[in-house]
Structure formats: C-alpha cells, structure tokens
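This is the structure I want to talk about, given as structure tokens.
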Amino acid sequence: MEKNFSEDFASLLDLFKAYRKTERCLASFNVNDNYDLQAVVEAANEMDTHVMVMTYPPVADLITPQVFTKMVEGVRLNAKNKVYLHLDHSVSVDQCKAAIDSGYDSVMIDGSQQALEENIKMTKQVVAYAKSANVVVEAEIGKILGRGVEVKSDDDFLASVSDVKQLYEEAQPDIVAVGIGTAHGFTPQEPKIHFGRLGEIAEAIPAPLVLHGGTGIPDLDIQKSITMGMSKINIGTIVHTTYMQEAMKRMNEAGMNAYPPFIMKEVLPLIKDVVVDRLKAVNFQNELVV
Ligand code: 13P
C-alpha cells in the first residue's frame, strides 16, 4: 500500500504511534528564523507532507518561545499540511515548561549527559507538565556523537537496552531518542549505525524512536532505520550550512549594498532544495533492496 505522509491524525502523538507501526517517519528540521522556516514549509508543500520544525535552545532563547510559536502560526496559513513545532535538545526543565506554555507541540528534555537517575527525574518533571497540555515529550538515552560530545568507547555512547527500558517505564516519555552511532554535523567518516542495538531497543519498548544527526546519514541507512522503528528524524546541519554559506557568498559579492530581502530571495529556494532532497529520502515508498 502507498504510504501517505499527509494523513490526518487527532494528535501528534497519534501520528507518531501510527508512524511507528506503519514504518513512516516525520522529517524534522532545525530552523533558525523566518527564512529557513519558510523554506521548510515550501518544501513540505511541494512534497505534500506533514513536517516538523525544531528550535535549538539558543534559537528559543534569542527569539523566545512565544515569538517563535507565532511565527509558526503565521507560516501555517500557507501550509498544505501540518507544521509541528518542537524544542530540540533542551537541558532545562524550565525551558521545556516555557515552550509548553507558549504552544509548542513537542519538547525534548535531554538528560543524556546526566546519570540515568537524574535523566529519569528530569524527564518525569517534563512529562508531568506536558500531560495536561497534550504536548509530546522526547527523552534521550545514549549519546549523539559530534559537537564536543566525548566518548571513550562504544559503551559510552550506545544506548543500553536496560537503560532505555528503565527510562521508558519510569518516566513514560512519548518518544525516545537513542544513541546508536549517529553524529551531529558533518563527520569525517560516514556514521556507523549500530542496527543490532536499534533492533534490540525497538523490541524492548513500543515507543516511536528518534534518529538524531540526520545530516550525512546515507539514504539507505535512513530508510532501514525507519523500517526498524525510527519515527522521527532530526536534520539540522545541512539546512543551516546551506543558509549561511549561500548568504555569505552573496553578502560578500554585494558588499555595502547587501540588503536582506534581495539576498534571501536567492538563498531561500536553495534551502528549500536541500529540504526537498531530504524529504525524498525520508518519505520513501519503495521496499528496500538490501
Ligand atoms: P544534524 O545537524 O547532523 O543534521 O543533526 C540534527 C539533530 O540531530 C538535531 O537534534
């Protein structure tokens, strides 16, 4: 049967549960301002798909959750399908609460750098707060490599199945990010995904799983992960590097005459192109040939 990426659900949580069962995945893009936000929405329109946009904590701090929520409400007026807003990698329970109060659809409380007990405690606090607002909560177990995350051995970053189970059962997050070898940002080598561990985790808990470090994962690995339980994929670096590099090139050329709408009129379609390209990889129809 054709997979439908614009099917309506009563809630985002219902969408994630259905996606896990039907091997679909919600593509989620880190955005920084109104321009890349608009580019993601235009790409999703072209592909006729729901999409999620995510603010990293510095973006939420700078623009504020209140204003970003309004920006997303604004672009929804031009969206064919759902545009969900998520707070990504917050290490602060208070920041998650502020995002929930502002109308975010989903928040991530990232306690992965803490001991398991502390991670569970933080996750529980956010889950309790999010419940009445019907906001989805993402937790993390194991570590996503790159950006200064130090690991000494596989055991250091690979999510342990028993830890995942304990966090899921005690804190009851809706969706769970698991460290299985992917890295944030461009990496010198292709990331080596530990599919064996992913299989064990998917067997151990029914929650929709989240694949971080989406930039640079080969398409076939993305698709295989989706068939194994990954129901949300986070993609960031390819979006902001395209934005910054293309804008910088044009600003250098224009010099003192650089004017934001003229620069961004040219850059926005280029950001849109990379988002369309990633949506094509994530929203795949065909059976994998392995
Ligand atoms: P990339 O920057 O590697 O695409 O990863 C994004 C991410 O996982 C955000 O949570």
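The values are calculated or read from the model by the stated rules, or taken from the named source; none is laboratory data. No experiment lies behind these values; they were computed from the predicted model shown. Here the Cβ positions follow ideal geometry from the backbone for every residue, glycine too, while neighbour counts run over all protein chains shown.
Taking the stretch 35-70 only, how many residues are under 17 Å from Asp88 (Cα atoms) and not β-branched (Val, Ile, Thr)? Full working, then the answer.
Start the filter on the stretch 35-70 by keeping residues that are under 17 Å from Asp88 (Cα atoms), which leaves 36-37, 40, 51-69.
Now narrow it down to the ones that are not β-branched (Val, Ile, Thr): 36-37, 52, 54, 56-58, 60-62, 65-66, 68.
Matching residues across the stretch 35-70 total 13.
Let me ask another. Out of Pro260, Pro208, Pro191, report the one residue that is at pLDDT below 95 and of a type outside the set (Val, Ile, Thr).
Result of the check over Pro260, Pro208, Pro191: Pro191.
Same structure, new question: Find the residue count for the stretch 56-99, including only residues that are within 17 Å of the chain's Cα centre (by Cα) and among the hydrophobic types (A, V, I, L, M, F, W, C).
Number satisfying all stated conditions: 10.
So, one more: Determine whether Ile263 is within 28 Å of Gly146 (Cβ to Cβ) and out of contact with any Pro (no Cβ under 6 Å at 6 or more places or on another chain).
Values: within 28 Å of Gly146 (Cβ to Cβ): no; out of contact with any Pro (no Cβ under 6 Å at 6 or more places or on another chain): yes.
Judged against the criteria, Ile263 is not a match.
Here is a list: Val239, Val267. Which entry is at negative phi, away from the ligand (no atom under 16 Å from the Cβ) and in a helix (DSSP H, G or I)? Break it down into steps so the answer makes sense when it comes.
On the way: Val239 fails: away from the ligand (no atom under 16 Å from the Cβ).
Answer to the selection: Val267.
Taking into account only those residues within the stretch 21-49 that are under 15 Å from the mean Cα position of the chain (by Cα) and more than 30 Å from Pro260 (Cα to Cα), which is surrounded by the fewest Cβ atoms within 10 Å (Cβ to Cβ)?
Only one residue tops the list, namely Arg24.
Moving to a separate point now. So, in the stretch 120-143, exactly how many residues are among the charged types (D, E, K, R) and within 25 Å of Thr182 (Cβ to Cβ)? Even if it seems obvious, please write down each step before you answer.
Step one: list which residues in the stretch 120-143 are among the charged types (D, E, K, R), which gives 121, 124, 131, 138, 140, 143.
Keeping just the survivors that are within 25 Å of Thr182 (Cβ to Cβ) gives 138, 140, 143.
The total comes to 3.
Out of the residues in the stretch 194-236 meeting the condition of being farther than 22 Å from Tyr168 by Cα and in a loop (DSSP other than H, G, I, E, B), tell me which one is farthest from the ligand (Cβ to nearest atom).
Pro218
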